[in-house]
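S.K.: One structure, pasted below without further comment.
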Amino acid sequence: MTARRQTNMYLKTSGLKLSYPLPDGKALAILNIDNFGIDKGMTVGLMGPSGSGKTSFLYCISGIERPQEGEVWWGDVVINKLSPIVMDRWRQKNIGFIFQDFHLIPRLTPLDNVLLPAYFRYSTPSPQIKEHARGLLKRIGLEGCNVNVEKLSRGEKQRVAIARALIMSPPILLADEPTGSLDHSTADAVIELLMDICRENGTTLIMASHDHAVMSRLSQVYFLYEGKMFMKGDRDV
Ligand SMILES: Nc1ncnc2c1ncn2[C@@H]1O[C@H](COP(=O)(O)OP(=O)(O)OP(=O)(O)O)[C@@H](O)[C@H]1O
Ligand SMILES: [Mg+2]
């Protein structure tokens, strides 16, 4: 069941409150964001000190976490009001997520990890999708790498995670510190790839990062601080 929303922004959150339960029964407040919105096709950066809630925010807007209060709209859908099954289907169709800690499946090759979303969607990936996966691996410098992913370096794992997020050409790409394990020149090449793909496909990108050079390439940068969201320039962090 969905309701119509008030504005024409692509992502809009309102009254977002997220806390995590503590062992003593109290709650640790993480996010308390009145209103936040971005337009379709924007490339948005998210900065903030470690522990400020960047990953938690990305989890809320992807439906991985459900905020205790508020709404998360993508287009005309309030995703945090969807049932778990409908939410999973919505996420599979709409979101590519580059996890900060990769979430790769051990004992599978990079190619099979990249193809996982295609296996979930189609059971048997088409030859075209397999070709697309090989093309992405080539673009991130891992063409022909047949070693199971647990043997790869952190930087190689990160690149596999990036290719996996891109395989289904999702309309929304959420990237959680996608260059955190990469050297400068590999990071540059990966950001170039992400920006090219966003431009080619009109993808909406939200990227958490501590890297100012990466942030300077995005159309808008926000800061999370003490649970609140600030547009760059609102405060110095
Ligand atoms: N499942 C959880 N249960 C309890 N506390 C959590 C949970 N997940 C995150 N936290 C806490 O919430 C706070 C925000 O965490 P989060 O991972 O969102 O921060 P972050 O801004 O992404 O940090 P970093 O830059 O280090 O990645 C941290 O204090 C973290 O310890
Ligand atoms: Mg994080």
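S.K.: Yes or no: the stretch 222-233 includes at least one residue that is of a type in the set (A, V, I, L, M) and modelled with pLDDT of 95 or more.
M.R.: Within the stretch 222-233, the subset of a type in the set (A, V, I, L, M) is 224, 229, 231.
Filter once more, keeping what is modelled with pLDDT of 95 or more: 224, 229.
Within the stretch 222-233 (the criterion being of a type in the set (A, V, I, L, M) and modelled with pLDDT of 95 or more), the answer is yes, since at least one residue qualifies.
S.K.: Out of (1) in a helix (DSSP H, G or I); (2) of a type in the set (S, T, N, Q); (3) within 16 Å of ligand 1 (Cβ to nearest atom); (4) more than 30 Å from S126 (Cβ to Cβ), what's the single condition that is false for S185?
M.R.: Of everything listed in (1) in a helix (DSSP H, G or I); (2) of a type in the set (S, T, N, Q); (3) within 16 Å of ligand 1 (Cβ to nearest atom); (4) more than 30 Å from S126 (Cβ to Cβ), S185 misses just condition (3).
S.K.: Failed condition for S83, given (1) of a type in the set (S, T, Y); (2) within 16 Å of ligand 2 (Cβ to nearest atom); (3) out of contact with any strand residue (DSSP E or B) (no Cβ under 9 Å at 6 or more places or on another chain); (4) within 27 Å of M168 (Cα to Cα), with all others met?
M.R.: S83 satisfies every listed condition except (2).
S.K.: Residues in the stretch 196-210 that are in contact (Cβ under 8 Å) with a residue 60 or more places away in the chain and exposed (fewer than 14 other Cβ atoms within 10 Å of the Cβ): how many? Walk me through how you get there before you give the answer.
M.R.: Step one: list which residues in the stretch 196-210 are in contact (Cβ under 8 Å) with a residue 60 or more places away in the chain, which gives 198, 202-210.
Checking the rest, the ones that are also exposed (fewer than 14 other Cβ atoms within 10 Å of the Cβ) come to 202.
Here the count works out to 1.
S.K.: If a residue must be assigned to a helix (DSSP H, G or I) and modelled with pLDDT of 95 or more, how many such residues does the stretch 200-214 contain? Even if it seems obvious, please write down each step before you answer.
M.R.: Narrowing the stretch 200-214 to residues assigned to a helix (DSSP H, G or I): 200-201, 212-214.
From the residues that got through so far, the ones that are modelled with pLDDT of 95 or more too are none.
So the answer is 0.
S.K.: Checking the structure you have, find out if any residue of the stretch 180-195 is under 19 Å from I105 (Cα atoms), in contact (Cβ under 8 Å) with a residue 12 or more places away in the chain and of a type outside the set (V, I, T). Break it down stepwise before answering.
M.R.: Restricting attention to the stretch 180-195, the residues satisfying the condition of being under 19 Å from I105 (Cα atoms) are 181.
Add one more test, that the residue is in contact (Cβ under 8 Å) with a residue 12 or more places away in the chain, and what stays is 181.
The next check asks that each one be of a type outside the set (V, I, T); those that pass are 181.
Yes - at least one qualifying residue is present in the stretch 180-195.
S.K.: Next question. Tally the residues that are more than 16 Å from ligand 1 (Cβ to nearest atom), in a loop (DSSP other than H, G, I, E, B) and either among the polar types (S, T, N, Q) or surrounded by 21 or more Cβ atoms within 10 Å (Cβ to Cβ) (or both), restricting the search to the stretch 35-55.
M.R.: Of the residues in the stretch 35-55, the ones more than 16 Å from ligand 1 (Cβ to nearest atom) are 35, 37-43.
Subsequent filtering for residues that are in a loop (DSSP other than H, G, I, E, B) retains 39-42.
The next check asks that each one be either among the polar types (S, T, N, Q) or surrounded by 21 or more Cβ atoms within 10 Å (Cβ to Cβ) (or both); those that pass are none.
Counting residues in the stretch 35-55 that are more than 16 Å from ligand 1 (Cβ to nearest atom), in a loop (DSSP other than H, G, I, E, B) and either among the polar types (S, T, N, Q) or surrounded by 21 or more Cβ atoms within 10 Å (Cβ to Cβ) (or both) gives 0.
S.K.: Within the stretch 184-216, which residues are touching a Lys or Arg at 6+ places or on another chain (Cβ under 8 Å), small (G, A, S) and over 22 Å from R154 (Cβ atoms)?
M.R.: Residue satisfying the conditions is G202 alone.
S.K.: Further question on the same structure: Report, by residue number, each residue of the stretch 87-99 that is surrounded by fewer than 18 Cβ atoms within 10 Å (Cβ to Cβ) and either assigned to a loop (DSSP other than H, G, I, E, B) or of a type in the set (K, R) (or both). So that I can check it myself, show each step before the final result.
M.R.: Taking the stretch 87-99 first, the residues surrounded by fewer than 18 Cβ atoms within 10 Å (Cβ to Cβ) are 88-90, 92-93.
Result: R89, K93.
S.K.: Go through the stretch 67-86 and count every residue that is more than 22 Å from G53 (Cα to Cα) and assigned to a helix (DSSP H, G or I).
M.R.: First pass over the stretch 67-86, keeping only residues more than 22 Å from G53 (Cα to Cα): 75-77, 82-86.
Imposing the further condition that a residue be assigned to a helix (DSSP H, G or I) reduces the set to 84-86.
So the count comes out to 3.
S.K.: Has the stretch 122-142 got at least one residue that is touching a Phe, Trp or Tyr at 6+ places or on another chain (Cβ under 7 Å), at pLDDT 95 or above, farther than 30 Å from M231 by Cβ and away from ligand 1 (no atom under 16 Å from the Cβ)? Give the derivation first.
M.R.: We begin by selecting, within the stretch 122-142, every residue touching a Phe, Trp or Tyr at 6+ places or on another chain (Cβ under 7 Å); these are 125.
Subsequent filtering for residues that are at pLDDT 95 or above retains none.
Checked the stretch 122-142: no residue is touching a Phe, Trp or Tyr at 6+ places or on another chain (Cβ under 7 Å), at pLDDT 95 or above, farther than 30 Å from M231 by Cβ and away from ligand 1 (no atom under 16 Å from the Cβ).
The values are calculated or read from the model by the stated rules, or taken from the named source; none is laboratory data. Please read all numbers here as calculations on a predicted model, not as lab measurements. In this analysis, Cβ positions are derived from the backbone assuming ideal geometry, glycine residues included, and neighbour counts consider all displayed protein chains.
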